[in-house]
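**Student:** Before I ask anything, here is the structure I am working with.
Read-outs: derived from the displayed coordinates by stated rules, not from any lab. Predicted model, so just to flag it, every value in this text is computed and none were measured. As a convention, Cβ positions derive from the backbone with ideal geometry for all residues, glycine included, and neighbour counts pool all protein chains shown.
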Amino acid sequence: MGTSTNAPEFFIALAAFALFIWFHSWHVRRTRTVLERWAEANGFEILEKKHRSILTGRVGPFGFWTRTRNERIYSFRVRDQEGQERSGWARCDLKLGGALFNDEIEIKWDEKESIA
């Protein structure tokens, strides 16, 4: 009367869960870095950034049907080198390719603050 143990299945499930958690946290850090690099390259200082999703109820100008799984949407506020503040939305996308992932960012400024 031996007892059947599911130890291998348990450890496989545990490893898969740990891998999922690691990938998610890496993805969050990587998309933040994409936004920070964009700001630095364009002479902006990020004053505020917030992750947005369908769950938070706001994705700004990026609609639900145009999104992919690898994207993170941020609302942000920046200051340029002349001290002017602007706000907008960033869609940070990590696409498989190149050196594992190609970082892409799409920026849409809030229209009420666009420069004429």
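**Student:** Which order do VAL59, VAL28 fall in if you start with the one that has the fewest other Cβ atoms within 10 Å?
**Tutor:** Fewest-to-most ranking of VAL59, VAL28: VAL28, VAL59.
**Student:** Among 38-50, 72-84, how do they line up by average Cβ neighbours within 10 Å per residue, starting with the highest?
**Tutor:** By packing density, highest mean first, the sequence is 72-84, 38-50.
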